[in-house]
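Single-structure report; data block below.
The values are calculated or read from the model by the stated rules, or taken from the named source; none is laboratory data. Treat the numbers as computed from the prediction; the structure is a model and nothing was measured. In this analysis, Cβ positions are derived from the backbone assuming ideal geometry, glycine residues included, and neighbour counts consider all displayed protein chains. The accessibility values were calculated without ligands, DNA or RNA, using every heavy atom of the protein model including side chains. Shrake-Rupley method; radii C 1.70, N 1.55, O 1.52, S 1.80 Å.
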Amino acid sequence: MAKFIITGGNRLKGTITVNGSKNATLPILAASILAAGECIIHEVPYLQDITTMSNVLETLGAKVKREGTTLIINTRDIYSWEVGENLMRQMRASNLVLGPLLGRFKQVKISYPGGCNIGSRPMNLHLKGLRALGADINERYGYINVKAKDLKGTEIHLDVPSVGATENILMAAVMAKGVTIIRNAAREPEIVDLQNFLNYLGAKIRGAGTSLIKVEGTTSLHEAEHTVIPDRIEAGTYLIGTAITGGDVTVTNVIPEHLESLLAKLKEIGVKVEVKDEAINISSTGCFKATNIKTMPYPGFHTDLQPQMMALLTLAQGTSVITETIFENRYQHVSELRRLGAEITVEGQTAIIKGVKKLSGASVEATDLRAGAALLLAALAAENSTVIEGVEHIDRGYEQMENKYNTLGANIIRV
Ligand code: UD1
């Protein structure tokens, strides 16, 4: 198991380019099943989660080839509709094959993804949507068995705007007879990217990015090529890292509108933000004010940036309040931040962060992906050295995080 040794105190400076989005790539790779042919996907990051999704496609019988940041996936000869426990346990997003396998083959069997570090994360809305389209669903012995004679367009109202449920329903609905309308759909940019890819395959979808998505079903789709949008969470993590170290960094290959809620908060607490076409420059004196944050579905403040923002607010002047509304157990970084000297108390879904003058290095553990990112940022600002264990969580979502931050002046060693 790898760990990071981080010597804090260096200000981040320079220019850094963001990779393609992990959370946009994962459903797009799954959607390539619908093409029944070759898809070429550009700007695919080198991440463990992408390898896991490639492995999922390969166990189904697809061929996946990487050429740099391009993935070439051929799904013509898929011969299996089942994903077993091993791959489902590695990554929850493996469940994104439900919709496309059902759409193309009218059957799919996956092992239940189970709980996860940040909360129970049920799949009831995915299954409710697929049932409404005409699927027969059987949950037994830890497996979800989905079959349909025919998929028929219908109206589906999501109780909460779940990203994964919206994606799975979309990918099944493109092959349903007639029109499907998804109400209270998730509005995340990754859903828009999936819509664009599906439309390149020949689907007829309108409305992604709003809460009402309309799909006109079709009988067959075809090969396509697509370039994935930039990763707004990777970008946001650089921005917060720059702010916490009192640095000056230009982050390129970003879509600034995707980061509006974060940029508004950074400006509010006194960090200088300059937005260009596809770049954001951020400069920080290292002094910033406290604020209150509530995580919300897009375009609200992203839950995947909550831990990193909490790391920043541990050093703010005054007391901040964070309310996590998306996941029930997303404060595991709190006890580790406390080890670094942060003053945080948690009451239910609310965290109260009393700003301190400095953090000091300690041994900490990354318990999930974004918690790991938060610890890395805190360690960059802390005095002395910090050791972060559990780096495999960080590798799931950040490509060579230590190298990229080291090019900006950080001192991170992987051992
Ligand atoms: C996706 C992202 C993840 C991000 C999350 C919220 C990917 C691969 N992952 O995860 O990084 O943190 O969106 O923006 O894109 N829920 C239900 N029933 C369901 C489905 C979800 O109750 O059937 C609840 C969840 O428990 C959670 C909320 O809905 O409280 C949001 O989850 P969801 O949007 O589905 O997240 P994911 O798609 O799993």
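A few points about this structure:
- Placing dummy labels 7 Å off each Cα toward the beta-carbon, the span from Lys272 to Asn86 is 5.4 nm.
- Rounded accessible area per residue of the range 239-388, 1.4 Å, Å²: 37
- Helix-only CD estimate at 222 nm, as mean residue ellipticity for the chain, using -39500 (n - 2.57) per DSSP H run (n ≥ 4): -9000 deg cm²/dmol
- If you sort the three axes of the alpha carbon gyration tensor as a ≥ b ≥ c, you get a/c of 1.5 or more for the range 314-361 and a/b no higher than b/c, which makes it oblate.
- Cut-off 13 Å, label 7 Å out along Cα→Cβ of Tyr143, residues of the range 92-113 by amide N: 108-112
- Using 0.36 nm per residue and subtracting the Cα-Cα separation, the extra length available between Glu392 and Glu260 on full extension is 44.6 nm.
- Cut-off 9 Å between beta-carbons: net charge of the residues surrounding Arg206, Lys and Arg +1, Asp and Glu -1: +1
- Dipole magnitude (debye, nearest 20) for the chain, charges at Cβ of Lys, Arg, Asp, Glu: 540
- Surface exposure of the range 22-227, expressed per residue as accessible area with a 1.4 Å probe, stands at 40 Å².
- Three-way shape label, the range 22-227, alpha-carbon gyration tensor, a/c 1.5: rounded
- Helix 163-173 axis versus longest C-alpha principal axis of the chain: approximately 20°, rounded to the nearest ten.
- Cα-based shape type of the range 294-415, given that a ≥ b ≥ c are square roots of the gyration tensor eigenvalues and the cut on a/c is 1.5: oblate
- Beta bridges by DSSP in the range 22-227, antiparallel share as percent, to the nearest 5: 70
- The residue list Val391, Met401, Leu127 was ranked by how far each Cα lies along the charge dipole of the chain toward its positive end, using unit charges on Cβ atoms, and Leu127 comes out on top.
- Whole-percent carbon and sulfur share, accessible surface of the range 38-120, 1.4 Å: 47
- Whole-Å distance, taken between Cα centres, linking the range 276-355 and the range 174-189: 33
- Helix 189-200 vs. the chain, principal-axis angle (Cα, 0 to 90°, nearest 10): 30
- Report note on the peptides 148-154, 186-192: ranked by the mean count of other C-beta atoms within 10 Å, highest first, their order is 186-192, 148-154.
- Spatially close lysines, pair count over the range 1-89: Cα under 29 Å, gap of eight or more or interchain: 5
- Charge dipole of the range 22-227 about the Cα centre (unit charges at C-beta), most positive-ward option of Thr70, Met53, Ile137: Ile137
- Counting only DSSP beta bridges with both residues in the chain, the antiparallel share comes to about 70 percent.
- Taking 0.36 nm per residue of separation and subtracting the Cα-Cα distance, full extension of the segment from Glu67 to Asp136 would add 20.9 nm.
- Positive-end ranking of Ile293, Leu29, Ala93 along the dipole of the chain, with charges on Cβ about the Cα centre, is headed by Ile293.
- Asp150/Thr210 FRET efficiency (R0 30 Å; Cβ-Cβ; nearest 0.05): 0.60
- Simple Cβ-charge dipole of the range 241-342, Lys/Arg +1 and Asp/Glu -1, about Cα centre, in debye nearest 20: 420
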